[in-house]
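No lab work stands behind these numbers, since they all come straight from the coordinates. Because the structure is predicted, anything quoted here is derived from the model rather than measured. Using ideal geometry, Cβ is built from the backbone for each residue, glycine included, and neighbour counts are taken over all protein chains shown.
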There are 2 protein chains.
Amino acid sequence: MNYVVAVDVGGTDIKGALVDSDFNVIATKNIRTPKADTTGVETVRAIKAIVTEFAQHQTIAAVGLVVPGTLDEPTGTSRWAGNLQWNNLPIRNLLAEAINMPVAFSHDVRTAAVAEMRSGAAKDAQNAIFIPVGTGIAAALIIDGEIRSAEGFAGEIGHVDVRGKYSCVCGKTGCLEAASSTLAISKAYESQSGKTGVTTEEIYKLVVAGDPIAIHVWNDATSAMARACEVLITILAPEVIVFGGGLSNAGETFLKPIREYLDSSLTFQRKPRLEIAHYKSQAGAIGCAMLAFDLVKAGK
Amino acid sequence: MNYVVAVDVGGTDIKGALVDSDFNVIATKNIRTPKADTTGVETVRAIKAIVTEFAQHQTIAAVGLVVPGTLDEPTGTSRWAGNLQWNNLPIRNLLAEAINMPVAFSHDVRTAAVAEMRSGAAKDAQNAIFIPVGTGIAAALIIDGEIRSAEGFAGEIGHVDVRGKYSCVCGKTGCLEAASSTLAISKAYESQSGKTGVTTEEIYKLVVAGDPIAIHVWNDATSAMARACEVLITILAPEVIVFGGGLSNAGETFLKPIREYLDSSLTFQRKPRLEIAHYKSQAGAIGCAMLAFDLVKAGK
C-alpha cells in the first residue's frame, strides 16, 4: 500500500494527514503554526517533524503541501499570505530539500476544491464555487469544468467589501473575512461576551441553544457570507456553492440563514444550490493527497 | 463583397450597422427602442426596417443580433432584460422569420468582447474583463482565453452592490448600474442641476471645463465603477479591464479617477491595465458582424 502525507499550513495550525491510495485518512497530526515565520524555517521544521513521525510506521511516497494566500504554483512560491506574513517565499523547495521527497504544491482552497470536484459536492457541475471557511476565507472558482485561478491570483473573496464593520488583515474595512472567518466569529463573540478562548464550534452550539450574543454574532457572520455569495452569483452564476473548512461542521445552522437571505434577495440571477463539502473539513487533506498521488503516478 | 447587418438592441436605441467582410462599418442607422415591447413585435418591426433599408443598396448575407440581459444563446431566447421588459422572449426566431435571413444571436456585452479579444485591447490577454458602459452595465469575462458566461447568466456586474445610494431597475439599491450607467449619470446631473436632456457626452465635457455639479456626479459614477473593478480584480484577477460603450468616449477623463482609486486601494491584488476599447463604441457592432460572418462561413 502506498501512502502520502497531506500538509495544510493554515493561519492557526499546520494540519498533517497520512492518507492511503484509497484516500482514507489513516492518521492526523496537528502542530500550531509558527507565528510570523517570514523565512519559513520554523514552518519547514514543523512539517518535517510531522512527516518523520508518520514515516516511522509507513513508507511515504510523496508529500502534498498546500498553503493559503496568492501563490505561483509552477515555482512553488507563496507570493503573499497575510495570516502567515509570507512574501515571495519559495516554500515548496525549502520543504523538498529538508525532507528529500517529492512535494506537490497547491493552494489550500483550490486543493480542497479538487476533492469536491472529482468526487464530492461539486461533482458534475460545470460552474461551481468552493468556499472553505477557516481562519481565512478564499474561494476556488470552477468555471466551465476547470478550477480557474488566473495564475494564482483569483478567488480572494475574503477581501471583497460586504458592507461589514470590522477591520481586516489586508488593511481594509468591511471585508468578508473580517466578519465571517472562524477567527472573526470567535473575536466578535469574545469581545461582546467578555469570555475568552471560545471556539466557533462552541459558538454555533450556543446559537442552536438560543444564546442571544452568539445569535447576534452568527447573524453578522452569515449575512456577510450571504452578501458575498450574492456577489459571486451575480458575477459568476455557479450551479452550486460548496462550503468547507471548520465552519462547515455547523451544517444547516450555517446554510439556512444564507439560503433565506438569497431567496429574498436574488431577483434575475440563477439560484445555486448551497451545500456543505462532502469531505467536510477533510476536503483539503483529501484533495492534497490526490495531488500528491498524481505526482507519484507521474513518476516525479 | 459580402455584407452583414449588425443590430444592437439597447435600452435607448436599436443601433444598426452595415459591415463589410473587412469589418469596416459602411453605414449606420439607429431607431429608438420601442418602450415596454414585451412581445418583441415592435422591436422586430424596427429591426426589419433597418435591414430593409440597407438591403436596397447591398446584398446582405446575414444579420447579427445582440441583446442585453441574461439569455439562452442556443435557443435564441432573451431570458430577462430589465431595461427592455423582456422575459423569456424567443427574439432570434421572431426576427429570422420576419426577415427570412440567418441570424447570429449573442449578448451585447460578450459580442463586443469578441471584437476586443480577437483584435482589440484584450488581444493576447488570457484573463480580461470587458465592461461597456451604456444604458445598462454588464461585463464579459475572459477567463483562461475564452469568454465564459455560465450558460448566459454570468457577468452581471451592473447589479453588484458598490455602496451606492441610487435605486436600480433590478429592484435593489446600491448597484453599480444605478450609479455609473449613462442613464444614471444623466439622471443624477439633471436632478442636481435642474436642467433636462443633458447627455453624458455633454456632462464629461462639463467635467473637463470644471463645472462643479458635473464633477460631483462624475466622481460618484467613477468611484462606483472603481469599487466594482476592485471586486472583479479581487475575485478574477484580470490582466486588463477594457471599457467600451458610450461612456468610453470620455477616455482618460473616465479612466484616470478609476486608476487613482485602484492605485490607493488595492493591496495584495494583481493590478490590471485599464484601457478604452480599441473599437470604442463600435466594438459591439464589429463583434456582432464577426459572429454574423462566422455564420456565413459555416454555411448556415
Notebook entry, point to check: When the Karplus curve 6.51 cos²θ - 1.76 cosθ + 1.60 is applied with θ = phi - 60°, which whole-Hz ³J(HN,Hα) does each residue of segment A:83-97 get, with x for Gly and Pro?
Noted result: 5, 9, 6, 9, 9, 6, 9, x, 5, 4, 5, 4, 6, 4, 5
Check: Which of the trypsin sites (Lys or Arg not before Pro) found in segment A:132-204 are in a DSSP loop and have at most 14 neighbouring Cβ atoms, other than their own, within 10 Å?
Finding: A:ARG163, A:LYS165, A:LYS195
Next item on the list: Jot down the radius of gyration and Dmax of segment A:214-279, Cα atoms only, both in angstrom.
Entry: 11.5, 33
Next item on the list: Enumerate the aspartates and glutamates that B:LYS29 could reach by cross-link, defined here as Cα to Cα under 14 Å, with residues fewer than 8 away along the same chain left out.
Entry: B:ASP8, B:ASP13, B:GLU53
Check: Of B:HIS159, B:HIS216, B:HIS278, which has the largest mean-square fluctuation in a 10 Å C-alpha GNM of chain B?
Finding: B:HIS216
Notebook entry, point to check: Amide H to amide H under 5 Å from A:TYR3: which residues, 5+ apart in sequence or cross-chain, H placed 1.01 Å off N in plane?
Noted result: A:ALA61
Notebook entry, point to check: Looking at segment B:56-141, which trypsin sites (Lys or Arg not before Pro) are in a loop (DSSP not H, G, I, E or B) and have at most 16 other Cβ atoms within 10 Å?
Noted result: B:LYS123
Item checked: Nonlocal amide H pairs with A:ASP13, under 5 Å, H built at 1.01 Å -> A:THR33
Checklist line | Computed Kirkwood radius, in angstrom, where 1/r is averaged over Cα pairs of segment A:125-277 | finding: 15.5 Å
Checklist line | Shortest-first distances to equivalent copies, position A:GLU252, nm, label 7 Å out along Cβ | finding: 6.1
Margin query: Can you work out the Karplus-derived ³J(HN,Hα) for every residue in segment A:270-278? Use 6.51 cos²θ - 1.76 cosθ + 1.60 with θ = phi - 60°, whole Hz, and x for glycine or proline.
Written below: 6, 7, x, 6, 10, 9, 7, 3, 4
Note to self: What Kirkwood Rh does chain B have if only Cα atoms enter the pairwise 1/r average? Answer in Å.
What the structure shows: 19.3 Å
Item checked: Fraction of antiparallel bridges per DSSP, the protein assembly as shown only, in percent to nearest 5 -> 60 percent
Next item on the list: Using Cα centres only, tell me the gap between segment B:205-228 and segment B:28-59 in whole Å.
Entry: 34 Å
Checklist line | Nm distances between copies for B:ILE26, ranked from closest, using label points 7 Å along Cα→Cβ | finding: 7.4
Next item on the list: Report Rg(Cα)/(2.2 N^0.38 Å) for segment A:241-290, keeping two decimals.
Entry: 1.33
Notebook entry, point to check: Once amide H atoms are placed 1.01 Å from N in the peptide plane, what residues at a sequence separation of 5 or more from A:VAL133, or on another chain, have their amide H within under 5 Å of its amide H?
Noted result: A:GLY244, A:GLY245, A:GLY246, A:LEU247, A:SER248
Check: Pairs A:LYS165/A:LYS187; A:LYS15/A:LYS35; B:LYS205/B:LYS256: which are spaced more than 18 Å apart, C-alpha to C-alpha?
Finding: none
Next item on the list: Would you compute, from DSSP H runs of 4+ residues alone, the mean residue ellipticity of chain A at 222 nm, taking -39500 (n - 2.57) per run and dividing by the full residue count, rounded to the nearest 500?
Entry: -12000 deg cm²/dmol
Margin query: Just to be sure I understand: of the beta bridges DSSP finds with both ends in segment B:125-277, what percent are antiparallel, rounded to 5?
Written below: 50 percent
Note to self: As a test, work out the antiparallel percent of DSSP beta bridges whose residues both lie in chain B, rounded to the nearest 5.
What the structure shows: 60 percent
Note to self: From the phi angles alone, apply the Karplus equation (6.51, -1.76, 1.60; θ = phi - 60°) to segment B:148-161 and give each ³J(HN,Hα) in whole Hz, x where the residue is Gly or Pro.
What the structure shows: 10, 10, 6, 6, x, 8, 7, x, 7, 4, x, 10, 9, 5
